Amino acid sequence: MQKAKILVTGGAGYIGSHASLVLLEAGYEVVVLDNLTNASQEALQRVEQIAGSSVTFIQGDIRDRACLDLLFSDHDIHAVIHFAGLKAVSESVTQPLSYYDTNVCGSLTLCRAMQAAGVCRLVFSSSATVYGPDAPVPYHESMPRGRTANPYGTSKSMVEQALEDLSQSDERWSVVLLRYFNPIGAHPSGLMGEDPQGVPNNLMPYIAQVAVGRREELTVFGNDYATADGTCVRDYLHVMDLSEGHAKALGRLSTPGLHIYNLGAGKGVSVLQMVEAFARISERPVPYHFAPRRDGDLAAFWADSQKAEQELGWQARRGLDEMIADTWRWQCRNPQGYSTDIHTKSQRTSKC
Ligand code: NAD
Ligand code: UDP
């Protein structure tokens with residue numbers, strides 16, 4: 001039987017590369033479209049090395065309609081998982097037009113190309129940020145989208161709205177919106193992980209770089225929140241659990257309409273708890289100092305993920321210690337991320 005082919009936009013990135021691996025292992029064919037603005041092709045070579053099968057890589061941009069049309073005419077795509085986008089919250093404040101252009105215009109261009117090609121099955125990478133600062137915790141999918149605190153969050157909310165309208169306008173469409181909480185961790189092999197460019201914005205890669213000696217100390221933003229230890233609380237989930245959620249979401253695309261799921265572990269962890277756990281597992285000190293709150297940060301939020309459990313049969317299975325141990329393995333074995341090491345040849349590569 002022919003394998004179903006999945007287009008993974010942004011598939012060379014952190015989550016997309018782990019999801020591509022899970023898809024290959026689940027028996028799908030994978031076509032990755034990525035412009036490599038925040039990724040290395042080396043990530044896909046690692047995917048192929050672990051999976052023992054190849055990914056078709058196309059270097060191109062989701063805003064390039066001609067590239068998309070060519071891709072859909074060359075490949076019989078069953079469904080699209082759309083990860084491609086810009087994701088740095090603070091950068092979105094200083095460069096809003098880039099964020100709206102890539103995240104919103106890019107997603108609309110992708111949908112137009114999909115519609116023209118008759119491919120109307122889409123899984124979209126959304127975020128817990130769409131609930132906004134006023135939503136009570138835990139967040140539940142039945143809550144409305146709230147006001148957003150920055151252009152990144154607004155771009156996710158706008159795309160969600162567009163996809164909701166699209167799925168209502170045309171019954172051929174089936175769309176799954178996956179609202180991620182805080183993905184961390186790495187593939188257990190130590191071959192794949194998060195490889196942020198420059199100074200990491202996110203907590204986990206920053207702690208890992210302090211523990212390995214690449215950075216002096218962590219700045220903890222705020223210790224005066226109304227939480228148990230005064231630092232912010234987030235719902236961290238393993239990137240492999242998150243990736244498995246995408247494979248499950250593909251099954252939901254057989255039902256037309258819009259389907260929304262939170263993907264989180266459902267448990268809050270504070271910044272200081274994370275620091276303590278990382279130091280314990282890595283057996284390295286993680287020095288830190290307190291600084292004022294970071295603009296736009298919320299005190300605490302976590303997911304109610306029961307809907308994903310009931311309808312997708314998905315649950316975050318890996319605990320915090322495993323997330324940290326896998327991150328640490330990746331960090332130790334690849335202190336400079338993907339920029340060093342093995343250079344195997346990707347099987348099939350083309351450029352738009
Ligand atoms: P990432 O930056 O590692 O991956 C995004 C990928 O998209 C990169 O490989 C980048 O090169 C590619 N890309 C960017 N612009 C593109 C364009 N115009 N055309 C083609 N490719 C393009 O980020 P990630 O952490 O893997 O996030 C994946 C998705 O999940 C993003 O949409 C992000 O907003 C969303 N998300 C991430 C998190 C998180 O904490 N990592 C949380 C919620 C939602
Ligand atoms: N954080 C921190 N120092 C850092 C990076 C993050 O104290 O160098 C805190 C941040 O204030 C937030 C939590 O860690 O409370 C998670 O931040 P991250 O950027 O990883 O995720 P998000 O803001 O998207 O929840």
Residue tally, condition in contact with a helix residue (DSSP H, G or I) (Cβ under 9 Å, 6 or more places away or on another chain) and not aromatic (Phe, Trp, Tyr), over region 306-321:
10
Inspect all residues belonging to region 87-103 and state whether any of them is of a type in the set (A, V, I, L, M) and buried (at least 23 other Cβ atoms within 10 Å of the Cβ).
no
Looking across region 104-141 at residues that are within 26 Å of TRP302 (Cα to Cα) and among the charged types (D, E, K, R), the single one that is surrounded by the fewest Cβ atoms within 10 Å (Cβ to Cβ) is ASP134
Which pairs have Cβ atoms under 9 Å, sit 6 or more apart or on different chains, and link a residue in region 149-170 that is surrounded by fewer than 17 Cβ atoms within 10 Å (Cβ to Cβ) to one that is assigned to a helix (DSSP H, G or I)?
ALA162/VAL104; ALA162/SER107; ALA162/LEU108; ALA162/CYS111; ASP170/GLN115
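Only one residue in ALA265, ALA247 is away from ligand 2 (no atom under 12 Å from the Cβ) and within 30 Å of VAL119 (Cα to Cα). Which one? First the steps, then the outcome.
Numbers: ALA265 fails: within 30 Å of VAL119 (Cα to Cα).
ALA247 is the lone residue from the list that is away from ligand 2 (no atom under 12 Å from the Cβ) and within 30 Å of VAL119 (Cα to Cα).
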All positions within region 94-130 that are in a helix (DSSP H, G or I), in contact with a strand residue (DSSP E or B) (Cβ under 9 Å, 6 or more places away or on another chain) and more than 16 Å from ligand 2 (Cβ to nearest atom)
GLY106, SER107, LEU110, CYS111, MET114, ALA117
If you check ILE58, ILE50, ILE62, ILE81, which single one turns out to be over 17 Å from VAL175 (Cβ atoms), within 13 Å of ligand 1 (Cβ to nearest atom) and β-branched (Val, Ile, Thr)?
ILE58
Long-range neighbours under 6 Å by Cβ, at least six apart or interchain, first residue modelled with pLDDT of 90 or more within region 325-352, second among the charged types (D, E, K, R):
GLY337/ASP195; TYR338/GLU42; TYR338/ASP195
Do we have any residue at all in region 297-307 that's in a helix (DSSP H, G or I) and either more than 22 Å from the chain's Cα centre (by Cα) or away from ligand 1 (no atom under 16 Å from the Cβ) (or both)?
yes
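Report yes if ARG284 is basic (Lys, Arg), assigned to a helix (DSSP H, G or I), farther than 24 Å from GLY13 by Cα and away from ligand 1 (no atom under 16 Å from the Cβ), otherwise no.
Considered against the rule, which asks whether it is basic (Lys, Arg), assigned to a helix (DSSP H, G or I), farther than 24 Å from GLY13 by Cα and away from ligand 1 (no atom under 16 Å from the Cβ), ARG284 comes out as no.
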One residue from GLY251, GLY245 being assigned to a helix (DSSP H, G or I), in contact (Cβ under 8 Å) with a residue 60 or more places away in the chain, away from ligand 1 (no atom under 16 Å from the Cβ) and more than 30 Å from HIS289 (Cα to Cα)
GLY251
Restricting attention to strands (runs of 3 or more DSSP E) lying wholly within region 165-224, give those where 3 or more residues are within 27 Å of PRO285 (Cβ to Cβ) and within 15 Å of ligand 2 (Cβ to nearest atom).
182-184, 218-221
Whether any residue in region 20-28 is crowded, with 22+ Cβ neighbours inside 10 Å, under 21 Å from LEU250 (Cβ atoms), among the polar types (S, T, N, Q) and away from ligand 2 (no atom under 16 Å from the Cβ) is what I want to check.
yes
How about region 269-279: which of its residues are more than 16 Å from ligand 1 (Cβ to nearest atom), of a type outside the set (Ser, Thr, Tyr) and touching a residue at least 12 places away in the same chain (Cβ under 8 Å)?
LEU272, GLN273, VAL275, ALA277, PHE278, ALA279
Members of region 297-322 that are within 15 Å of ligand 2 (Cβ to nearest atom), touching a Pro at 6+ places or on another chain (Cβ under 9 Å) and at pLDDT 95 or above
PHE301, TRP302, ALA303
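The values are calculated or read from the model by the stated rules, or taken from the named source; none is laboratory data. Everything quoted here is computed from the prediction, not taken from an experiment. Note that we place each Cβ from the backbone using ideal geometry, even for glycine, and neighbour counts take in every protein chain shown.
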